[in-house]
1. If you check Ile86, Ile63, Ile69, which single one turns out to be more than 19 Å from Met112 (Cα to Cα), at pLDDT 85 or above, surrounded by 17 or more Cβ atoms within 10 Å (Cβ to Cβ) and not hydroxyl-bearing (Ser, Thr, Tyr)?
2. Restricting the search to region 14-37, which residues are modelled with pLDDT of 85 or more, surrounded by 10 or more Cβ atoms within 10 Å (Cβ to Cβ) and not hydrophobic (A, V, I, L, M, F, W, C)?
3. Collect the residues in region 54-78 that are outside any strand (DSSP E or B) and of a type in the set (Gly, Ala, Ser), keeping them in residue-number order.
4. Search region 108-121 for residues being polar (S, T, N, Q) and assigned to a loop (DSSP other than H, G, I, E, B), and hand back the single one that is surrounded by the fewest Cβ atoms within 10 Å (Cβ to Cβ).
5. I'd like to verify a number: residues in region 66-86 that are under 11 Å from Leu127 (Cβ atoms) and among the aromatic types (Phe, Trp, Tyr), how many?
6. Kindly state which strands (runs of 3 or more DSSP E) lie completely within region 122-163 and contain at least 1 residues that are closer than 17 Å to Ile94 by Cβ.
7. Give all pairs with beta carbons closer than 7 Å in which a residue from region 26-41 that is of a type in the set (D, E, K, R) meets a residue that is surrounded by 12 or more Cβ atoms within 10 Å (Cβ to Cβ) and outside any strand (DSSP E or B); count only pairs at least 6 apart in sequence or on separate chains.
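The values are calculated or read from the model by the stated rules, or taken from the named source; none is laboratory data. Remember, it's a predicted structure, so these values are computed and weren't measured experimentally. Every residue, glycine as well, gets a Cβ built from its backbone with ideal geometry; the counts of neighbours run over all protein chains shown.
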Amino acid sequence: MKILFLLLVAVTFLSCTSENKDNEVIIFNNISFKLSEGERLVEIESGLKEDYHSYLEGKNFQIPLFKSITGRGYALYLGIPYNTSIKRLAKFQILDQENNQSVLNTDSVSFMFKKQNNDTVFFVEYLKKFDKNMIYILAKTNSKSISDSLFTQSELSNRFNQK
């Protein structure tokens, strides 16, 4: 009877802790990224990787895709930049068209927030530095309302948790 009770307690404990892990993505050094309602972590397949890298193609820096998250009507790509700086990434433009709209906010040391869009696609880039490591987020949607509500500087910043 004691063994059955201990087994039941262990299963209950494991189910409670695994539920919490489903709501966040562990990145590194006790840093996690909270998932919003309806978002899910997706396996990185070749098509997803090609889509992400197509926006960074031909640039002189490396931001390997680390994790990918999807929600209804949008995608979030999490990358880990190497051999670059916030200043260099602030100069980078995903959309090379002259008629795109752009917003940039940075302190050049700890974060960068950038929005770019044309008539059909809205991109948000957010870069956050934790100690000596950086995390890069590229958010992509076709909806202005999603971009304006979910992909603001404060919303993205608040989703990081450092334990």
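1. Ile69
2. Asn23, Glu24, Asn30, Ser32, Lys34, Ser36, listed by residue number.
3. Selection gives Ser54, Gly58, Gly73.
4. In this case the residue turns out to be Thr120.
5. Matching residues across region 66-86 total 0.
6. In region 122-163, the matching strands (runs of 3 or more DSSP E) lie at 122-130, 133-141.
7. Hits for this filter: Lys34/Asn23; Lys34/Arg159.
Residues checked against (1) outside any loop (DSSP other than H, G, I, E, B); (2) in contact with a Leu (Cβ under 8 Å, 6 or more places away or on another chain); (3) surrounded by 10 or more Cβ atoms within 10 Å (Cβ to Cβ); (4) at pLDDT 90 or above:
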position: Leu6; (1), (2), (3), (4): yes, no, yes, no
position: Leu41; (1), (2), (3), (4): yes, yes, yes, yes
position: Glu50; (1), (2), (3), (4): yes, no, yes, yes
position: Gln93; (1), (2), (3), (4): no, no, yes, no
